[in-house]
Structure formats: C-alpha cells, structure tokens
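The values are calculated or read from the model by the stated rules, or taken from the named source; none is laboratory data. Values in this document were obtained by computation on a predicted structure and should not be read as measured data. Here the Cβ positions follow ideal geometry from the backbone for every residue, glycine too, while neighbour counts run over all protein chains shown. Only protein heavy atoms, including side chains, enter the accessible area calculation; ligands, DNA and RNA are left aside. Shrake-Rupley method; radii C 1.70, N 1.55, O 1.52, S 1.80 Å.
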Amino acid sequence: MRTKRPRKPVRAPLAPGVAVALAAIFVAAPGPGQDRQVVIREATILPVSAAPLPRGSVSFRDGIITAVGADITAERDAVVIDGTGHYVLPGIVDVHSHLGVSPWPWVPGNSDVNEDGGDPLTPHLRAIDAFDSADPAIRWVAAGGVTTIMVLPGSANVVGGQAAVMKLRLGRSAAGMLFEGAPRIMKIAVGENPKLTYGARGRMPRTRMGVIALLRDALSQAQVYRDRWDAWNAAAAADRGPAPGFDPKLDALADMLRGEIQVAAHTYRRDEFLALLQLSDEFGFELGSFHHAMDAYRLGPELARRGVGVAVYADAFGRKLEHWEQVPQTAAYLSSLGALVTLHSDFPFFAQRLHIEAAKLVRYGGISQRDALKTVTLSAARLIGVDAWVGSLEAGKHADIAVYDRHPFDSFARVEKTFVDGELVFDRVRDRAWLERTP
Amino acid sequence: MIALLASVLAAAGPQLPGGGDEERSERVVAIRDVRILPVATPPIESGVLLVRGNRIAGVGADVTIPPDAEVVEGAGLTVAPGFFDTYTGIGLIEVAGVPASNDSQEPGGVTPQLRAADAYFLDSELIPLVRNAGTLILLSVPGDRNVVAGQSALMRTAGTTLGAAAVKEVAAVHANLGEPSKGGGFRTRMGAVAALRQILQEARDHAAREDAPPNYRLDPLVRVLRGELPLVVRAHRRDDILLALSLSDEFGFRLVLAGGADAPLVAAELAARDVPVLVQPDLQPATMETAGVRYDNAAHLARAGVRLAFQSNETTLSRQLIPNAGLTVAYGLPYEEALKAFTLYPAQIFGVADTLGSLEVGKEATFFLTRGDPLQVRTPVVSIYVQGRRYEPRSYQTRLCETFIAPVQESIPCLPTR
C-alpha cells in the first residue's frame, strides 16, 4: 500500500526573506506589523497539539509563531494584545470549500464550479483558474476564524478537476492566496450527482456501474499514457523517438497514478467506499480522503486501518437518498478508532460556523473538547497535507490564529480577530464599517 | 369503519397521544428540583412543574406534590416550553431529491387552495429529529415558488393522527414576494404581484357577495381579509417589504413578514403597525435579494419593538435552528428575547398563546428537559413531553447508531446520557 500522507517538508515553505517581501505588499490594513513581535497575552490558549493553557500567551513575528506558553516576555517594541477573557486557537481549516469558484451572489453568471457541459471526466481542470479572490464570502468566512481552505470543483463530473489549497490572505490575487507547498489533490465524485447530471441527458453515467466503469476506463488509458511517457523520459536522448502526444486529461491522471496527485473523493455510501478502495489497490493511486462520507460509520475499523481521511458534516444530511442515513456520532466514533476525521463546510455558512459544528461532536459523540476542536484544525490540516505548517499553535508554525470572545463551542461566541501569516485579516473593531455595511 | 377506528383508538389507549382538549387519563407527574424557564415570568432556579393529564397543573418553587404523583427528579435539569419553528418544509418534504417523497411545491403560481395539512407526513423520520432538538411545534409551509403558496399547518412534533398532532390545521395563508415567486409561472416581480393583487381583489368581491357559494380558492383569502388568518409574506428586499405593507393597507389583512433581510431598514414602520417578523438566524447574504442581511438583524428589530419568532426555513437542517439562533444572541439580541422568539411570541403570532408558548397553569404540558442552557449547542435534550406524554430522544439515527457503532465502540453514546 502506498503511503497515505504527503511527506512533511524539512523546512517552512517560505524563506524569511520571501515572507517579508510578501508582507510588504500586504500591510495595507492597519494591524500588528509583520516585522515586530506580536504577543497575545492573558488569554485562554487552545493549542490543540497540547493541553489548554488557562492563562497563557502566544507570540509571533514575520508570520511565524515564535512561542506558546504561560509566560512570554514581550520585547520593547512588541505589539501587545490583551487577551483577557478571550480564547486563542489555531485558525480553522476547512477541507471542503467552493469559495471563489461559486462566489456570492449565487447567480448563474457567477457559477464556475461544475464543468458539466459534456464530458464527465475533466481531470485537467484546475479550481485556481476560476478562483475569484474578490468573492465577498471569503472575507465573511475569514470573519468566522477560518484561515486555510481547500477549494474543490463540484461533484457533477466523475473526475471534476484539481483542487486548490488556499490561505485566506484577503486582498491578494488567487495566486497570492495559494498555500505554498500544499499537495496536489484531484476531486472525484461518485454516486447520485454524476449519475443524475448525465443520466438525465440519456448519457453515461446513469448508474453507479457506469461511474466506476468510466473511472476504470480512464485510469487504464492513463496507465498506458504514463508508461509511454515514463519510457520516453527514461530513454537516452539519442535513442528517443518522437515524444508521445500530449493529452492534458491523461497527463493529469498519469500524475495521479504516479502518486504526485492524491484523490479526494465525494462519496456517501459504503459500497462506494469499497469500490474506490478496490480501484485504488488496482491502479495504485493515493486515496487521500472521502468527503461527505455519510456512511463512514458503517465501515469505521476498515477506514481507520486503511488510513483514508474522512470529512463529514456534524449533523447535516438528507437532501438526497444517498445522504439520508446519517448519524451525528460519526465523527466522534471515527476519531475514537484513530481514523483521520474532519468536519467540512461545503457552504460559507457552515464554514463560518465550523467551531459550532465541532461543538456538536461533544454533544452527540461525547468526545473531549480538545479532540472535537482537532477535527476542524490539526486533523483538517493533515487531511490536505499542510499540517506541518498549520492546524495547531506551535512555535515554528504559521501564525494563523483565531481569537474568540468566548469558548469557541459557546453558541454565543464571536470571532474577534483572525490572523493569517501574522496579518490581521479580520478585526471586529477595525472592520466595523464592513460588518455594518448596510447604509 | 369509523366505529372500527374508534375501537382501535380506544384499545391503543395510552399509546396514542390525546388530541386538543380531549380529556385523557389524569396521570399526575411532578418534576421536582428542576430549573424552570416559564418564559412569561422570571426563571425559577429550583421548583416543581406539575402535570395533570395533558395540562400544566402547577409551576413554582413551592408547589405541593400530590401523593398520587409520579415524581421525576429534575436536579441538574432545565425545563422550557416547547420551542416553535415557524417556517419549515417538514411534513411535506422527506428526501428532497426523491420526488416520491416531496410534496412541497405545486406549479401554478397562485394556489391558495393548497393545505399543508392534506399532505402532512405524520410518520416523517424528520419529526423525531426536531422533537429531540426541542422543536415541539412547527409550521409546515407549502413551497415558496408560488406567489400565493397555500395554507400552512401548525403541528406538534408528536401524534399519530392529524387531529392529535395539529395545533391548527390551517394556521396562515402564505404569499411569496421576490426571487422564488418568479419561478412559479411569472418572470418578473410585476407579474407575480399583479396576480397576488388580482386574487385578493377577487376574494374581496367574493366576500362582499351575500349569496357567495363556497369557493375553495377564494375562501382561505376571505378568511385572511376578515382577519381570521394572518397572511405570512416572505420578502427580503426593502421594496418587497414595503410592497407587503402597502398591500396590507390596501386590503386590510394581518401581515406577518417572513425572512426580512432588509427588515431593519423599515423596523420603525414594522413596529408601529405591529407586524411581526419570522427571522431565519442563519440567513446569508448569498443571493441578490438577501445581500443586506446581517447577524444583528434580530437585535435591531427587537430594539425597535418588533415581535420576532425564529424559523429554520429548512427541513433536514431544521434541527440546527437552536444553535443557529445563538448567533442572534451573540450579535446583541437579549437572551430573554431569544427565548421568547422561540416560545411566547410565535404562540401569540399564530393565536395559540392561550395553550402554548409558556409554562403556566392551564396551558398544554408541551415542554422539554435539558442538561444546561437550552440555547447552547452543547446542551443535550434528555426528555420531551408533548401534551403530557413523555418521549425519549430517540430517532432512526439512534437505531443506526445502535446497530453499527455501539457493537464496535461502547464509549460512543447513541442516546444523551441522563
């Protein structure tokens, strides 16, 4: 079996010099300076990777956390933020978002999420190419404490295209928001969405058989394509014939078969999990995560053993037959089995409320608050391969931080500040004019 | 047939919840040492809630427990009157994507004759789910794509016959302005509103006729024009809300506003006319007509003196209404007002405050017990009473959990621990 997680990088992806250069572009908003030490003091710290600190501090500089502890000495020119009564936690990570590709307002002219015009196999599409960094929902989600998202193409196509892992660096272009070093991830969708999209037009796939057959057919072609190119690349220049023809679709699938792109699969039912696991064994691609995964509780030990990440809703379900048999204990149960489990949003409202979604795991699943918080921070970061950099409050990690006015599991809690790479992207006081945008 | 049914019902005895004012066995239950949120009066930190049959017989710190009472220990628990969800598709929609189980939306544009009660699915799996979340009364509303959608039903979330479950089989007539109504046979707001105005005029003319024969389309609107039923108008944009107000002036009906993304902009007007608003706490500025919505909408409206009731505008997500309503408190709605927007205010708005909406002697014994603040997402609902009958917080999800999870992992609770 292939290794399931991308290797951890040996160093942070941004050299300090680069970070400073980027910061220079991005200091338009008033807030703590990037080059000065910032210390949030006298707050309850929820580092996720360690036990909560009832009265602690977090410091950062140049976008990187420098210390987390009970007592941190502020430098003479430090920006000190009094966190009395507040809760400080790592920025929330949302592994399933359509921000930017399905921007507000939701009108047809804005929808760039499903390229379902003709071909159910579109592995060459890239979410980044349609990402509207001016989507107003991005700021709204950042105001919910979210700092990293994975943007996925929709689920109308069996192979929808390539995801983009983004940092919510507000005001930057799509390229400027890309999470440097994040792995490449391919969106696959099985079940009702592709079969209803194409079946309604009298085309394949109209059945789950058709969905898997299309995948197997495409992957078989990609194997041949990959072998041809690998042989051509391996041959000495003198022995090479003409290069094989380039096919953008097969090229993306070949990278998947080479293990350079892992798979995030939109799937609900147990039989689909098993079919995809079998395909992964057959073709040797890296099955990174099952998204939505309503039936994951029916296959808990197997999913834990195979190391496939599972992304679910806390208690949302039921629009379609395939997501009817939900139970709100799923995430807590999988977590107790040691599986990699996260909560995801799919929609801006859930994204902004992932802390409340996590609180539901405590209520329904009886797991600890720390384990529940982990599902929307460190585990989520791991599922999309960026846990070396984000997902917990630890020295050396990115200064992606959310500050709440109450415990994040309190129904009445609000985010006060959100930092991305040490930059204050949301501040409830500073951004009052935006919050009260109605004339 | 009727006799047979009656004998079956009689044989079933206490298995079936009683309906309306029907007298049932006079079982007496006393929940003691419980924190009580009566809503109409201040909280009681530790008291007794006494139930006789399907009615509340005592509420207070010094209620004497009769010797024949079944005593329930309420220490550590809080009791609140059943919450309302004032706009749902529950009963009409089961699996939205499966047409066979979706009875929400008729074509036609103007369909006042539709009655949610006629299609209400009493055995919906969604009913126990919202009941377990504390929603004990819901308004089941026909789909919103018709400018006149039909008649909603105010239902308890328990009961195996329509008579037993219904608080009001017809609670309101519903009209929809703005974006969805343009899908029901009209292309523009002008077209939809012209049709609305036309049928209101027809209803007015019909009401004026002394020899008017029964008319299944116009009669519900005649009841609206006579003030017997409110007209709930779904509207978000300021101009749509103002239009609803001017139609209310023109035709003289009792207006209830649903949605109201821009409602704070006309809050003073709404307060002056006592037009209540059914607020959806999780409404997002995601569509053209909701672009103006803010989380502090509810706070603004309450401050201006507008009566509020919460609505989920959902079906399968309706059980998220309570955690979502936390947002309105986070954004400035006083806690007590939020509690009333779940209970007393909706009971007043739909004319059932004589039996529901607060814990008072003589009112219906429809309430739920929680371990902690009922408005907090982490608080489990441990027990539910509807018309005096107790319900465990079980659902089909409990069965799935017990089948697939409990045998593997004992530590995961399939039911909230009392």
Subset of segment A:135-157, residues closer than 15 Å to A:Thr418 by Cα and either away from chain B (no Cβ under 14 Å) or of a type in the set (Val, Ile, Thr) (or both), comes to A:Ile138, A:Val141, A:Ala142, A:Val146, A:Thr147, A:Thr148, A:Ile149
Is there a residue being open to solvent by 20 Å² or more (accessible area, probe 1.4 Å) and at pLDDT 95 or above anywhere in segment A:351-362?
yes
Pick from segment A:416-430 the residues that are in contact (Cβ under 8 Å) with a residue 60 or more places away in the chain and of a type in the set (Val, Ile, Thr): which of them is farthest from the other protein chains (Cβ to nearest Cβ)?
A:Val420
Quick check, is A:Val327 at the interface with chain B (Cβ under 7 Å from one of its Cβ atoms) and surrounded by 24 or more Cβ atoms within 10 Å (Cβ to Cβ)?
yes
Flag for B:Leu270 being in contact with a Phe, Trp or Tyr (Cβ under 9 Å, 6 or more places away or on another chain) and either facing another protein chain (nearest Cβ under 8 Å) or of a type outside the set (Lys, Arg) (or both)
no
Output the residues belonging to segment B:344-376 that are in contact with an Asp or Glu (Cβ under 8 Å, 6 or more places away or on another chain) and closer than 21 Å to B:Arg319 by Cβ.
B:Leu356, B:Gln376
What number goes with the only condition from (1) more than 8 Å from every other protein chain (Cβ to nearest Cβ); (2) of a type outside the set (Val, Ile, Thr); (3) free of Cβ contacts under 8 Å to residues at least 40 places away in the same chain; (4) surrounded by 24 or more Cβ atoms within 10 Å (Cβ to Cβ) that A:Asp371 does not pass?
(4)
Residues of segment A:177-186 satisfying the condition of being outside any loop (DSSP other than H, G, I, E, B), open to solvent by 20 Å² or more (accessible area, probe 1.4 Å) and closer than 24 Å to A:Leu277 by Cα:
A:Arg184
Is it the case that segment A:189-197 has a residue that's aliphatic (A, V, I, L, M), more than 14 Å from chain B (Cβ to nearest Cβ) and outside any strand (DSSP E or B)?
yes
Can you confirm whether segment B:212-219 contains a residue that is free of Cβ contacts under 8 Å to residues at least 40 places away in the same chain and of a type in the set (Lys, Arg)?
no
Residue identified as away from every other protein chain (no Cβ under 14 Å) and touching a Pro at 6+ places or on another chain (Cβ under 6 Å) among A:Ser392, A:Ser379, A:Ser280:
A:Ser392
Within segment B:366-396, residues being closer than 22 Å to B:Val51 by Cα and of a type in the set (Lys, Arg) number 3
Any chance segment B:390-400 includes a residue that's touching a Phe, Trp or Tyr at 6+ places or on another chain (Cβ under 8 Å), aliphatic (A, V, I, L, M), open to solvent by less than 10 Å² (accessible area, probe 1.4 Å) and within 21 Å of B:Ile127 (Cα to Cα)?
no
Only one of A:Ala413, A:Ala399, A:Ala433 that is in contact with an Asp or Glu (Cβ under 8 Å, 6 or more places away or on another chain), hydrophobic (A, V, I, L, M, F, W, C) and within 14 Å of another protein chain (Cβ to nearest Cβ):
A:Ala413
Scope segment A:300-312; condition part of a loop (DSSP other than H, G, I, E, B) and surrounded by fewer than 24 Cβ atoms within 10 Å (Cβ to Cβ); matching residues:
A:Gly307
Pick out the one residue from A:Glu325, A:Glu272 that is part of a loop (DSSP other than H, G, I, E, B) and within 24 Å of B:Val98 (Cα to Cα).
A:Glu325
Is it the case that some residue within segment B:282-292 is farther than 19 Å from A:Trp104 by Cβ, assigned by TED's automatic domain parsing to the domain that holds B:Tyr345 and surrounded by 19 or more Cβ atoms within 10 Å (Cβ to Cβ)?
no
Find the residue count for segment B:119-143, including only residues that are within 14 Å of another protein chain (Cβ to nearest Cβ) and among the charged types (D, E, K, R).
1
Residues that are in contact with a Gly (Cβ under 8 Å, 6 or more places away or on another chain) and at pLDDT 95 or above: which strands (runs of 3 or more DSSP E) entirely in segment A:1-113 hold 2 or more of them?
A:38-45, A:53-61, A:64-69, A:87-90, A:92-97
Given the conditions (1) surrounded by 24 or more Cβ atoms within 10 Å (Cβ to Cβ); (2) more than 23 Å from B:Ile322 (Cβ to Cβ); (3) not aliphatic (A, V, I, L, M), report the number of the one that B:Asp123 does not fulfil.
(1)
Filtering segment A:224-256 down to residues that are at pLDDT below 95 and in a helix (DSSP H, G or I), which residue is most open to solvent (accessible area, probe 1.4 Å)?
A:Asp239
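Yes/no per residue for (1) closer than 24 Å to B:Gly74 by Cα; (2) within 9 Å of chain A (Cβ to nearest Cβ):
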residue: B:Ile384; (1), (2): yes, no
residue: B:Arg389; (1), (2): yes, no
residue: B:Glu392; (1), (2): yes, no
residue: B:Tyr396; (1), (2): no, yes
residue: B:Phe404; (1), (2): no, yes
residue: B:Pro407; (1), (2): no, no
residue: B:Pro416; (1), (2): yes, yes
With the condition kept exactly as written, say whether any residue in segment A:385-402 is in contact (Cβ under 8 Å) with a residue 40 or more places away in the chain, open to solvent by 20 Å² or more (accessible area, probe 1.4 Å), under 30 Å from B:His300 (Cα atoms) and out of contact with any Cys (no Cβ under 8 Å at 6 or more places or on another chain).
no
Could you check B:Gly76 against (1) outside any strand (DSSP E or B); (2) surrounded by fewer than 20 Cβ atoms within 10 Å (Cβ to Cβ); (3) free of Cβ contacts under 8 Å to residues at least 60 places away in the same chain and say which number it fails?
(3)
Working carefully through the options A:Phe347, A:Phe317, find the one that is within 14 Å of chain B (Cβ to nearest Cβ), at pLDDT below 95 and open to solvent by less than 10 Å² (accessible area, probe 1.4 Å).
A:Phe317
Look through A:Ala174, A:Ala163, A:Ala189, A:Ala142 and report the one residue that is surrounded by fewer than 21 Cβ atoms within 10 Å (Cβ to Cβ) and aliphatic (A, V, I, L, M).
A:Ala174
Could you tell me whether B:Arg378 is in contact with a strand residue (DSSP E or B) (Cβ under 7 Å, 6 or more places away or on another chain), under 14 Å from B:Gly134 (Cα atoms), charged (D, E, K, R) and not assigned by TED's automatic domain parsing to the domain that holds B:Ala263?
no
